[in-house]
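Quick notes on the structure that follows.
The values are calculated or read from the model by the stated rules, or taken from the named source; none is laboratory data. Everything numeric here is computed off the predicted structure, so don't read it as measured data. Quick reminder, even Gly has a Cβ in these numbers, built from the backbone with ideal geometry, and neighbours come from all protein chains shown. Accessible surface is based on the protein model in full, side chains and every heavy atom, while ligands, DNA and RNA are left aside. Shrake-Rupley method; radii C 1.70, N 1.55, O 1.52, S 1.80 Å.
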Amino acid sequence: VQLQASGGGVVQPGGSLRLSCAASGSIFRINAMGWYRQAPGKQREFVAAATSGGSTNYADSVKGRFTISRDNAKNTVYLQMSSLKPEDTAVYFCNVGPRAWLPGDYWGQGTQVTVSS
């Protein structure tokens, strides 16, 4: 499975961004799709996940601000991020796997999100 993430950038506090991650290759192996992030000097942490059955899960720190969705026909997962805060600054990694939970077996290359005035 190959993952191509896009959509990162620089945004002011309170702004919005949408990340996308498209999967290709052995996509029959995919159930859960989601996102992790890693800020400088910190461990990688879970952000959000969505299963092929439609269940979603979020880290407490992003609930009510981030929305995960997926287009199974396009094998793509999205992360709509709103009300962004400086502490959301991190490299965001797409992650997918064959089970209904993450972390899965496959990682994308990461996309930088910077929230700064």
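Element breakdown for the chain at a 1.4 angstrom probe: carbon and sulfur atoms account for 47% of the accessible area. What does a probe at S61 reach in the range 8-40, counting residues whose amide N is under 13 Å from the point 7 Å along Cα→Cβ? Counting only backbone N, you get 36-40.
Look at the alpha carbon pairs under 8 Å that are at least 6 residues apart: their mean separation over the length of the chain gives a relative contact order of 36 percent. Summarising the amide proton neighbourhood of G110: residues at separation of 5 or more, or on other chains, whose placed amide H is nearer than 5 Å comprise A5, C94.
I need the chymotrypsin sites (Phe, Trp or Tyr not before Pro) found in the range 33-117, filtered to DSSP loop residues with at most 15 other beta carbons within 10 Å of theirs. For chymotrypsin sites (Phe, Trp or Tyr not before Pro) across the range 33-117 that sit outside H, G, I, E and B with at most 15 neighbouring Cβ atoms in 10 Å, the list reads W101. Take the chain and mark each of the trypsin sites (Lys or Arg not before Pro) that is in a DSSP loop with at most 14 other Cβ atoms within 10 Å; the longest unmarked stretch, sites excluded, is 1-41. For the range 68-117, the Stokes-Einstein estimate of translational diffusion at 20 °C and a viscosity of 1.002 mPa s comes to 171 µm²/s, using the Kirkwood hydrodynamic radius over alpha-carbon pairs.
Averaged per residue, the chain has 50 square angstrom of accessible surface, using a 1.4 angstrom probe with ligands and nucleic acids left out. Here the range 1-82 is treated as an ellipsoid with the same Cα gyration tensor; its semi-axes, largest first and in whole Å, are 22, 14, 13.
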